[in-house]
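The structure appears right after this line, and notes come after that.
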Ligand SMILES: [Zn+2]
Ligand SMILES: [Zn+2]
């Protein structure tokens, strides 16, 4: 079995919007024979209830460090954060950072990209009503964010398509969509960010395939970029949810390897 099944770096706990405690995640990871487990609590953002307020972030850091002490001889446990693009960068030191665009700022308001379909439709309306223009704004925010970000991982790059499988509003192969997506991707690759293959929306029933779409993954391969499979897990039972699909998709896009996050950095493993 591929070593991609023995790691996930993108995981949430009860300290933000997850259902499981950090320790429950660790115990599940041990049961699955993981070599490494990364925690990536949502960084603080006043407009987003999933972000950890400062006191919760401190408690989160302390708990992950405690788990490193208790379980560190059996599992590499990494303390990370999922940064929201609209926020300044944290002053805390983290082992790794995932960069994600979850929200767009327009006319003095913040609009969530992925909250639910009604919020999405409102955001499209506020951005002028053309869905391709809206997607372009999203990908331009990604591009700008990646260029400025110290993060090592580009999280769910095409998050804007979260509801598009169940309620299609745009064609993900239309150049009006794909060209800005490629530009965002190219910025991430220029910064040597690892492109995350994220199965989180599969676990929650929104999508049948991971982010990002096959056309984007094929471009990652063409450009020599690196990918990693993460579950964006909010429930310990879903720690490797969708990994079979992610692996098959990567193979079909020409990949023979991916990376996993270890204590010493990214490690390339065969698919
Ligand atoms: Zn996210
Ligand atoms: Zn996440």
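No value in this document is a laboratory result; all are computed from the given coordinates. Not measured: the values here are computed from a predicted model. When we count neighbours, we look across all protein chains shown, and the Cβ atoms used for this are built from the backbone with ideal geometry, even at glycine.
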For residue 1 and residue 192, calculate 0.36 nm times their separation in residues minus their Cα-Cα distance, and state this gained length in nm to one decimal.
66.0 nm
Which translational diffusion coefficient, to the nearest whole µm²/s, is obtained for the chain from the Stokes-Einstein equation, given a Kirkwood hydrodynamic radius over C-alpha pairs, 25 °C and 0.890 mPa s?
132
Any chance you could check the Cα centroid distance between the range 229-265 and the range 82-128 for me, in angstrom?
24
per DSSP, antiparallel bridges as share of beta bridges in the range 3-270, % nearest 5, sits at 30
Helix-derived mean residue ellipticity, 222 nm - over the chain, DSSP H n ≥ 4, -39500 (n - 2.57), to 500
-11000 deg cm²/dmol
Given contacts defined as C-alpha pairs under 8 Å and at least six residues apart, what's the relative contact order of the chain, whole-number percent?
21
What is the distance, in nm, between label points placed 7 Å from the Cα along the Cα-to-Cβ direction at residue 176 and at residue 140?
1.5
Quick calc, residue 204 & residue 31: beta-carbon distance into FRET formula, R0 25 Å, rounding 0.05, result 0.70
Length gained, residue 23-residue 59, 0.36 nm per residue minus C-alpha separation, equals 11.6 nm
Out of all DSSP beta bridges with both ends in the range 55-165, state the antiparallel percent to the nearest 5.
35
For the range 139-208 and the range 60-76, what is the centre-to-centre distance using only Cα atoms, to the nearest Å?
31
Nearest-0.05 FRET efficiency for residue 107 and residue 262, computed from C-beta distance (R0 35 Å):
0.20
